[in-house]
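Structure first, commentary second.
Any read-out appearing in this document is the output of simple, stated calculations on the displayed coordinates, not a laboratory observation. Keep in mind that what you see is a predicted model, and the values were worked out from it rather than measured. As a convention, Cβ positions derive from the backbone with ideal geometry for all residues, glycine included, and neighbour counts pool all protein chains shown.
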Amino acid sequence: MLLNSDATQCQSNADCARFGQTSCDMEKHVCRAAVSPRVDSGQADLSAPDAAVSCQGSTGCFQCSPGTDPEFLSACTDSTCIPFDNGRLTNLNSDGTLKPIP
Amino acid sequence: MERSSRYLSSLAAVTAFVAAASPASVDAAECATLPTPVYVTGSTAAKPLLIELSKYLVIQSSPITVVYLGQGSCVGIDAILNGTPIQGTGSSAPSTWDATGAEKKCDVTTPIVADVGISDVFATTCFTLPGGVAGNVSDFLGPVQSMTFAVPIGSPEVSISAEAAYYVYGFGNSSGVTPWTDETAIFKRDVNSGTQRMIAAAIGVPADKWKGTATTGSSDLLQKLTMASPRDQAIGILAADVAQDNRTVLKILAYQHGKQSCGYFPDRDSTSNEKANVRDGHYAIWGPLHLLTRLDNNGYPLKPAAADVIGYLAGSKTAPGQLDLVFLEAQRHVVPQCAMRVKRTQEMGPMVPFAPAGACGCYYEKVANGATQCTPCQRQVDCPTSAPVCSYGYCERS
């Protein structure tokens with residue numbers, strides 16, 4: 001479902017927030033309804049109509065076409081990833097925030 | 001015994017690298033007497049790429065001699081923005097390379113303003129420039145460089161988060177992040193280093209507030225890092241091109257950026273070379289190489305040969321002879337713009353999708369890893385609808 005034909009409607013998904021669950025088509029710069037991606041190709045298909053709205057994969061990764069930093073950083077991938085346990089940080093403030101640089 | 005043997009092999013490898021990076025000066029000529037010298041100064045991390053390009057330029061029918069003085073990215077920017085001249089003789093003389101890549105020194109006895117300032121970071125990362133760079137200076141974007149955290153090969157550590165790095169480099173001995181709690185084994189560069197400036201922007205520790213042991217350049221840091229004792233407590237920062245050339249003696253750590261739940265290598269895994277995670281935005285610490293030069297009144301680089309060097313590195317000028325720039329850049333572990341799927345316009349700024357004209361991601365992967373899963377093609381009709389563009393011999397998405 002194309003929500004608006006204004007060719008300069010958006011530069012990122014954040015610009016589409018006013019339309020609810022939509023994301024920015026980065027080629028045409030218009031907001032489209034967010035839909036579930038095709039699972040056969042591994043590529044998000046934001047042009048498919050009337051599909052579910054979740055872009056969250058089973059592992060919590062982002063499985064639509066990424067357009068913002070959080071989406072790029074968490075996009076589904078077959079790359080090796082190795083978590084760092086931030087529980088190893090022993091010099092945090094009592095509320096868990098970072099101390100200022102001395 | 002096996003461990004000792006491996007350590008000695010590592011030692012030999014580092015010694016060889018450092019020796020190659022610091023040749024003795026023999027029969028140094030005046031740089032100005034060499035064929036069409038182009039004076040380049042700045043990033044030490046960019047040196048390996050310049051060597052490869054220089055090997056080809058020096059044997060062309062109209063040869064160009066790249067005269068290079070590595071001083072750090074911010075010094076390279078200063079050289080162009082402020083016209084700070086370079087000078088050097090003997091052991092501090094600039095370098096040139098012959099067709100085999102052998103390094104030679106040449107003297108600059110009379111100070112001269114460099115033609116190209118080469119930097120791993122944006123000019124605004126080094127200097128406060130409210131209006132951007134001056135109108136008579138242009139900043140051309142070259143291949144993408146990624147910066148890494150590295151530990152000696154024997155270290156048990158495999159990843160680091162932005163928050164952990166914040167404490168390691170912001171607090172040093174008091175980091176509270178075991179095992180990186182000894183500043184003598186925490187190696188940094190200096191405030192003029194693009195590597196340190198870019199990582200500083202990523203982890204939120206101002207470049208002039210870093211704790212740790214200072215080093216004079218990439219090769220010095222590499223040597224100190226790999227010779228550190230005890231090795232388990234050692235950590236350093238290196239551009240990926242230097243780090244990946246030394247995988248036998250060090251390990252690149254997977255990096256987990258703020259808000260990420262997992263750390264990634266620049267490459268798909270710890271042994272591959274295709275920079276998949278840089279190209280698609282999973283690995284956060286990257287930026288384009290910057291090639292600054294002064295312009296004439298018509299907006300062209302003052303020295304035509306400098307424009308050629310910049311054009312080759314930026315991918316905007318057809319490479320001479322048999323030079324395959326994508327192949328060369330893959331060898332040097334940097335990513336040509338045509339292989340990127342994201343771009344940035346400021347240091348560690350937001351990433352946006354990028355669809356380069358003449359995409360070369362598949363070909364880059366092929367030459368970097370020796371294989372690609374992309375569909376080979378000769379014409380557009382050979383390609384599936386999911387990757388409809390035939391470019392560099394492979395079907396690309398766009």
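May I ask you to evaluate 6.51 cos²θ - 1.76 cosθ + 1.60, the Karplus curve with θ = phi - 60°, for each residue of the range B:119-124 and list the ³J(HN,Hα) values in order in whole Hz, giving x for glycine and proline?
9, 7, 10, 5, 4, 6
What is the calculated FRET efficiency for B:S398 to B:L129, with r their C-beta to C-beta distance and R₀ = 56 Å, to the nearest 0.05? Intermediate values should be presented prior to the final figure.
Numbers: r = 34 Å, r/R0 = 0.61.
E between B:S398 and B:L129, to the nearest 0.05, is 0.95.
Tell me, in nm to one decimal, what length is gained between B:V158 and B:A102 on full extension, where the rule is 0.36 nm per residue of separation less the Cα-Cα distance? Write out the running numbers ahead of the final one.
On the way: separation 56, 0.36 × 56 = 20.16 nm, distance 3.51 nm.
Extra length from B:V158 to B:A102 when fully extended: 16.7 nm.
Where Lys and Arg each count +1 and Asp and Glu each count -1, what net charge lies around B:G321 among other residues with Cβ under 15 Å from its Cβ? Let's see the in-between values first.
Numbers: positive: B:K55, B:K317; negative: B:E52, B:D308, B:D324.
Neighbourhood net charge equals -1.
Taking 0.36 nm per residue of sequence separation and subtracting the Cα-Cα distance, how much length would be gained by fully extending the chain between B:A357 and B:T89, in nm to one decimal? List each step's numbers first, then the result.
On the way: separation 268, 0.36 × 268 = 96.48 nm, distance 4.37 nm.
Working it through step by step, the gained length comes to 92.1 nm.
Counting only other residues whose beta carbon sits under 12 Å from that of B:F122, what net charge do I get with K and R as +1, D and E as -1? If you can, show how the numbers build up before the last one.
Details: positive: B:R197, B:R344; negative: B:D120, B:D139, B:E347.
Once positives and negatives cancel, what remains is -1.
Set the bar at 21 Å for Cα to Cα. Now go through B:K55/B:K104; B:K55/B:K343; B:K104/B:K317; B:K47/B:K104; B:K188/B:K224; B:K104/B:K188 and name every pair that lies beyond it. The partial results should precede the final answer.
On the way: B:K55/B:K104 12 Å; B:K55/B:K343 30 Å; B:K104/B:K317 27 Å; B:K47/B:K104 14 Å; B:K188/B:K224 10 Å; B:K104/B:K188 28 Å.
Violating the 21 Å limit, Cα to Cα: B:K55/B:K343; B:K104/B:K317; B:K104/B:K188.
Run the paramagnetic zone check for B:N297: 7 angstrom along Cα to Cβ, then residues of the range B:123-144 with backbone nitrogen under 15 Å.
Within reach of a label on B:N297, which here means backbone N under 15 Å from a point 7 Å along Cα→Cβ, the range B:123-144 contributes B:136.
Using a 10 Å cut-off on Cβ atoms, rank the peptides A:73-81, B:380-388, B:260-268 from the highest mean neighbour count down.
On the way: A:73-81: 18.2, B:380-388: 12.9, B:260-268: 23.6.
In decreasing order of mean packing, A:73-81, B:380-388, B:260-268 become B:260-268, A:73-81, B:380-388.
Apply the Karplus curve 6.51 cos²θ - 1.76 cosθ + 1.60, θ = phi - 60°, to the phi angles in the range B:84-90 and return the couplings in whole Hz, x for Gly and Pro.
Karplus values, whole Hz, x for Gly and Pro: 5, x, 9, 7, x, 9, x.
At a Cα cut-off below 19 Å, give the lysines reachable from A:K99, other chains included and same-chain residues fewer than 8 away excluded.
Correct list for A:K99: B:K209, B:K211, B:K259.
With springs connecting C-alpha atoms under 10 Å apart, model chain B as a Gaussian network and identify which of B:Y363, B:Y300, B:Y283 has the largest mean-square fluctuation.
B:Y300
Using alpha carbon centroids, what distance separates the range B:343-398 and the range B:240-255, in Å?
Their Cα centres are 25 Å away from one another.
For a quick check: with amide H placed at 1.01 Å from N, whose amide H comes under 5 Å from B:Y39's, ignoring anything fewer than 5 positions away on the same chain?
B:V67, B:D115, B:V116
Could you let me know the centre-to-centre spacing of the range B:115-165 and the range B:173-236, using Cα atoms, in angstrom?
About 15 Å separates the Cα centre of the range B:115-165 from the one of the range B:173-236.
Around B:L289, which amide H atoms from residues at least 5 apart in sequence, or from another chain, sit under 5 Å from its own amide H, with H modelled in the peptide plane?
Long-range HN contacts for B:L289: B:G142, B:V144, B:Q145.
How charged is the neighbourhood of B:V38? Take every other residue with its Cβ under 11 Å from the Cβ of B:V38, and add Lys/Arg as +1 and Asp/Glu as -1. The partial results should precede the final answer.
Working: positive: B:K303; negative: B:D115, B:D308.
For residues surrounding B:V38, the net value is -1.
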